[in-house]
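All remarks here apply to the structure that follows.
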Amino acid sequence: MIYCFMKKRCSWASGNELNIRYHDKEWGVPTHDDTVLFESLCLEGQQAGLSWIIILKKRENYRNAFYNFDVKKISKMKDRDIFMLLSNDGLIKNKLKLFSIRNNAIEFIKIQREFKSFDNYIWSFTENKTIKLKLENTLDTSCKLLLSNDISKDLKNRNFKFVGPKICYAFLQAIGIINDHSEDCFRYNEIKKLYNI
């Protein structure tokens, strides 16, 4: 099946069918499933310093290596299990990044216990609403939202790894807390219909 390239999309969603499919089907959709939220947070952390298309191409490998992002199973992984993954060509061979997935699974479970779900936790920052306006942090002009700064700080205080403001910003875009589809993108209004208002 040839994927349709004729629709108006966000400028980053071009040149690769995998990228376009992700943009059209997943990016920005308000997400409330804890497993999907955990996968998204982990993959955004794996992306640090790399392009998103690299991560998309490796996503199935991450799912296979990390039990389809089952936090309970990941939290029980041994050091040797993760060290073995460093030889897996289907993953980013970065020890800190790979170990961060287990670390974050452990902390994710703690949040689930405290808030009943990670979904309750992450959406509480916006009272369960999607926002569309980019409010720049006047103290930092590097394209961060005050919201992403606040969430990054809170996650770091909870011992999460690879959750800096830029990573959190991308995570919030991906899971639909921030709708950053350009207004001339065909997905912008489709996503608006999914808002909880």
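Scanning the range 180-194 for residues that are of a type outside the set (G, A, S) and either closer than 14 Å to K7 by Cβ or under 19 Å from the mean Cα position of the chain (by Cα) (or both) yields D180, H181, D184, C185, F186, R187, Y188, N189, E190, I191, L194.
Only one entry in I74, I82, I109, I53 is without any contact (Cβ under 8 Å) to a residue 40 or more places away in the chain, out of contact with any Phe, Trp or Tyr (no Cβ under 6 Å at 6 or more places or on another chain), among the β-branched types (V, I, T) and over 20 Å from Q173 (Cα atoms), namely I109. Restricting I101, I111, I92 to residues that are modelled with pLDDT of 95 or more and either on the phi > 0 side of the Ramachandran plot or outside any helix (DSSP H, G or I) (or both) narrows the list to I92.
The values are calculated or read from the model by the stated rules, or taken from the named source; none is laboratory data. The structure displayed is predicted, hence computed values, not measured ones. Glycine gets a Cβ as well: all are built from the backbone with ideal geometry, and neighbour counts include every protein chain shown.
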